[in-house]
Structure formats: structure tokens, C-alpha cells
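Chemist: Sharing a structure, written as C-alpha cells. Questions coming.
Readers should treat all values here as calculations from the given coordinates under stated rules, not as data from a laboratory. Since the structure is predicted, the reported quantities are computational estimates derived from the model, not experimental observations. Backbone-built Cβ (ideal geometry, glycine too); neighbour counts: all protein chains shown.
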Amino acid sequence: MPTPHNESSGFETPEDHRGISRKNLIKAALLAGAVPLLTGGGVALARDRATAAPNRPLSVTPACHDGDATTIPNIEGPYFKPNSPLRTNLAGNLPGTPLTVSGYVFGRDCRPVSGALLDFWQADDNGGYDMNGFTLRGHQFSTAQGAFGLTTIVPGLYPGRTRHIHVKVQAPGKPILTTQLYFPNEPRNSTDAYYDTRLQMTVRQVGSGEQASFDFVLNVTGSPTPTPTTPPPTTPPPGGGTWAPGTAYQAGQQVTYGGATYRCVQAHTSMAGWEPPNVPALWQRL
């Protein structure tokens, strides 16, 4: 979802002038219930500040459209690699400016999307991508509140591009959104053919690093993750058998689904919506 940015202040958004929206109230409630913390103890706030004056009128929001539409796609680029590791920290001990990115995944109706797959990849401090391994690559799943958090470094520059982070976002069983996240006040923003203000994060300096926030709005309604009704996870027999929800799969196990064979590439407990064809980060077709 876009992150409007006032170039003069760096933090002011249109929501500061038009009162509290329905999505702002939802996000405030989520933060009150379970506040995710970033490295260094900072609160992982999403882009909207739900602190407007109480005497301002509450605007009617029939859909999740607080001045924005669903998050737009952006070019995948040549450096994507499937089967990234499951992790929220991509940086390790890499040199560069520390960066944390946090936010929420929403549907069109402002309801958080739980279990959404987010697969991130980016350049290192020198502008290079690791094509031999999985440095600065990783995927994660949004929480029951739709929240995500990423610990990484500010990506470096390379010819023809401004600073950016690649991401694929997928609600369980739904199409994949491939897009990029951009930084405000970058000199190359005005010359990058793929830069779009609607994909700009809110970024602030915190100590020697930076904290950024962005909310994704997917073209789905409600939370597509069903309430689990399957028995407790069980360990599959050797060979994996036929894929089934509610099963604890280990990396390397093979299953069949829809007449095809798949190999598990990341240990996980399966659930409806994560069928092998839908989650390439978890299953590799053989």
C-alpha cells in the first residue's frame, strides 16, 4: 500500500489532516493487543498514526481505501530465486546501515490477513545480489494479526536503479503479488523507470540505523485463512504420502498432490490454503 510522504517533514501523511479512518482504528487495536518490537526496542508502527484529535469526525470507510487502492505490482527483476529460507533476519553480520521494516497485510475490507507469505530479496551494501546462496533472501508468514517484521540492511545502489527491496506477497491460496518497496528522498527516485510513489515506505532515522513501515493491501476480502478444523499435527509416514493439512512436514519429504510429486524445502505444519502448488517457498515440484 502506498506510503504518502511529505518531503518537507518526512513524517506527515494525508491521514493527519482528515481524521481517524476505519483502518487506523483497526491498526490501533492490533497494536494495543500485541505490539511487535523491532531490533533496538522500537515499536513496529505501520505507516498511519492513529493519534488524530478526538474532536475530528470519524469518516465512513466502506472498504480498505484510506486514500489508497490495493498495493500495485512492480517488476520482479532478474534476481529472484525460489526456495528462500524461512527467517525474518536477512542481515546477520553483513556490513551496511541497519534497517527494520514492519507493517501489516490487509484485505480490501481492512481485515488483517493472517498466514500471508512474504518473500523478500535485495542487494547488499555494494549493490550486489547473491545468486549462489541466499544472502539477503528470506520468507516469512504474517501473524494472526496480519503483522510482519523484517531485519535487514539498507540496500546499496547499482547502475540504473534507485534503492529498493523486492517482495512477493501471497494470501493463502490466492494469486502472488510481486512488487518492490522504495525509500523517500533518494536522488535516483526521479530517474528510476520503475520507482512509484505508491510503493514508498515511511522511513525514520533511529540511532545509527533506520526504521521503515509499509502496509500491503491485497486484492482479497477478509482473512482468507480458515479457522483450523483439522486434528493436531501428526508426523507423516516415510515417503510423505498424499499431502494433507494439519501435518508436520520435514525438509526433504516427498508428497503427492493433484497427480504431481513435490519435495518439502522448509519444515512446516501444513494448513488449508498452503497446498504445494500455492507455496513454492515450501514445496518444490519434481
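Chemist: Within the set of other residues whose C-beta is less than 11 Å from the C-beta of residue 131, count the net charge using Lys and Arg as +1 and Asp and Glu as -1. Could you put the intermediate results ahead of the total?
Modeler: Values: positive: 81, 137; negative: 130.
Within the 11 Å Cβ shell, the charges total +1.
Chemist: A further question follows. Applying the Karplus parametrisation 6.51 cos²θ - 1.76 cosθ + 1.60 with θ = phi - 60° to the phi angles of the range 270-278, what ³J(HN,Hα) value in whole Hz is obtained for each residue in order, glycine and proline being reported as x?
Modeler: My calculation for the range 270-278 gives 6, 8, 4, x, 9, 4, x, x, 8 Hz in order.
Chemist: List, in order, the whole-Hz ³J(HN,Hα) value for each residue of the range 70-84 obtained from phi through the Karplus relation with A = 6.51, B = -1.76, C = 1.60 and θ = phi - 60°; use x for Gly and Pro.
Modeler: Couplings: 4, 4, 7, x, 8, 4, 5, x, x, 10, 5, 10, x, 6, 5 Hz.
Chemist: Net charge within 15 Å of residue 140 by Cβ-Cβ distance, Lys/Arg positive one each and Asp/Glu negative one each, not counting residue 140 itself? Walk me through the numbers on the way to the answer.
Modeler: Values: positive: 87, 137, 168; negative: 119.
So the surrounding residues net to +2.
Chemist: For the ranges 123-130, 160-167, 84-91, what's the packing order if you count other beta-carbon atoms within 10 Å of each residue, average per peptide, and put the highest first? Present the calculation step by step, with values, prior to reporting the outcome.
Modeler: Numbers: 123-130: 16.1, 160-167: 20.6, 84-91: 17.6.
Listed from highest to lowest mean packing, they are 160-167, 84-91, 123-130.
Chemist: On each of the three principal axes of the Cα atoms of the range 76-207, give max minus min coordinate, whole Å, ordered largest first.
Modeler: Here the spans come out as 37, 33, 31 Å, largest first.
Chemist: Could you please report the charge total around residue 260, scoring K, R as +1 and D, E as -1 over all other residues with beta-carbon less than 13 angstrom from its beta-carbon? Each step should come with its number before you reach the end.
Modeler: Numbers: positive: 263, 285; negative: 275.
Neighbour charge sum, excluding residue 260 itself: +1.
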